[in-house]
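The values are calculated or read from the model by the stated rules, or taken from the named source; none is laboratory data. Here the structure is a predicted model, which means the values were calculated and not measured. Cβ: placed from backbone, ideal geometry, glycine included. Neighbour counts: every protein chain shown. When the accessible area is computed, the model is the full protein with side chains, heavy atoms only, and any ligands, DNA or RNA have been set aside. Shrake-Rupley method; radii C 1.70, N 1.55, O 1.52, S 1.80 Å.
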Amino acid sequence: MSTFIPTLVRRGPSALAVVGALFAVAASLVVLYLVQFDAGHLSRAGMLLHEVMHDGRHLLGVPCH
């Protein structure tokens, strides 16, 4: 006599995983845009953020001078 054991069939990624991946990609693109094109506009409070963005542009190979 055999016993039937139901198993879960995975058909692909869940909707939550897809939404999370899309959000991560969108957030990454926004950060990349800000690092590449910030020329001091975001760093009104001080020069630290500007210097971090400037160093990030150098690391990415984006011309900034």
**Request:** Considering only segment 32-47, state which residues are open to solvent by 80 Å² or more (accessible area, probe 1.4 Å), at pLDDT below 75 and within 22 Å of the chain's Cα centre (by Cα).
**Result:** Phe37, His41, Leu42
**Request:** For segment 14-31, indicate whether the set of residues that are at pLDDT below 75, out of contact with any Lys or Arg (no Cβ under 8 Å at 6 or more places or on another chain) and of a type outside the set (Phe, Trp, Tyr) is non-empty.
**Result:** no
